[in-house]
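Please read the structure below before turning to the comments.
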Amino acid sequence: MKMSAYRMYVTSVVCHGYEGWYLGEKECKILNGFDLRAQMLFTGWDYDVVAATREFSLVEYVRERRIKFLGHTLRLDPGILVHKVLAGYHHHLVNLPHRARGMFEGTIFADAPNPRDFEGLVIAAKDKSGWTRSTRRLLEPQRRASRRISAGVRAGQCDVDERPGDDDAL
């Protein structure tokens, strides 16, 4: 019940404007830290319990919402302003002078299938069910890992009170 309320009230305010966020490794760590602290305050649970039984990840939520937004925007008529802006942003990223290998890292295109080809992205997004399937495959490994940890804690296979290296201090 508390987590449903957390998702409804906290994420709607915190995630405003997520479409334009840069989500690099550093930003994901900051967002995860905020998410854990906010869940602790909202639910009243201990840090170890929240971290181990985590059913909701703000970073995962933002990444999923961004890929849905990207697909929706790519399906729009190319004459619509938001589509033009997205195409221009993609063109800018592709034509950066250094053409870095991770040029899409952290951008809205980061989780897209084959982000280097804008026209290919538009074609892929036109097939809504195919877009949904391919993007779910990209995000699934993270989901499975968090579900496995949560299930282990609930089943008693993982002890949230044990911290690695605690016996070393003795």
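The values are calculated or read from the model by the stated rules, or taken from the named source; none is laboratory data. Everything quoted here is computed from the prediction, not taken from an experiment. When we count neighbours, we look across all protein chains shown, and the Cβ atoms used for this are built from the backbone with ideal geometry, even at glycine. With ligands, DNA and RNA removed, areas are computed over all heavy atoms of the protein, side chains included. Shrake-Rupley method; radii C 1.70, N 1.55, O 1.52, S 1.80 Å.
Data for the structure
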item	result
Pairs, first farther than 12 Å from residue 61 by Cβ in segment 28-43, second in a helix (DSSP H, G or I) and open to solvent by 80 Å² or more (accessible area, probe 1.4 Å), C-beta under 6 Å, six or more apart	40/47; 43/2
Any helices (runs of 4 or more DSSP H) falling wholly within segment 24-143 and containing at least 3 residues that are modelled with pLDDT of 90 or more	25-43, 58-75, 81-94, 118-126
Residue count for segment 88-125, restricted to those that are open to solvent by 30 Å² or more (accessible area, probe 1.4 Å) and among the small types (Gly, Ala, Ser)	5
Scan of segment 46-70 for residues that are hydroxyl-bearing (Ser, Thr, Tyr) and either closer than 15 Å to residue 3 by Cβ or touching a residue at least 60 places away in the same chain (Cβ under 8 Å) (or both), ordered by number	53, 57, 61
Residue in segment 7-17 that is in contact (Cβ under 8 Å) with a residue 40 or more places away in the chain and open to solvent by 70 Å² or more (accessible area, probe 1.4 Å) present	yes
Qualifying residues in segment 57-73 (those that are hydroxyl-bearing (Ser, Thr, Tyr) and more than 15 Å from residue 115 (Cβ to Cβ)) - the one surrounded by the most Cβ atoms within 10 Å (Cβ to Cβ)	57
Residues of segment 43-56 satisfying the condition of being within 21 Å of the chain's Cα centre (by Cα), farther than 18 Å from residue 16 by Cβ and surrounded by 14 or more Cβ atoms within 10 Å (Cβ to Cβ)	50, 51, 52, 53, 54
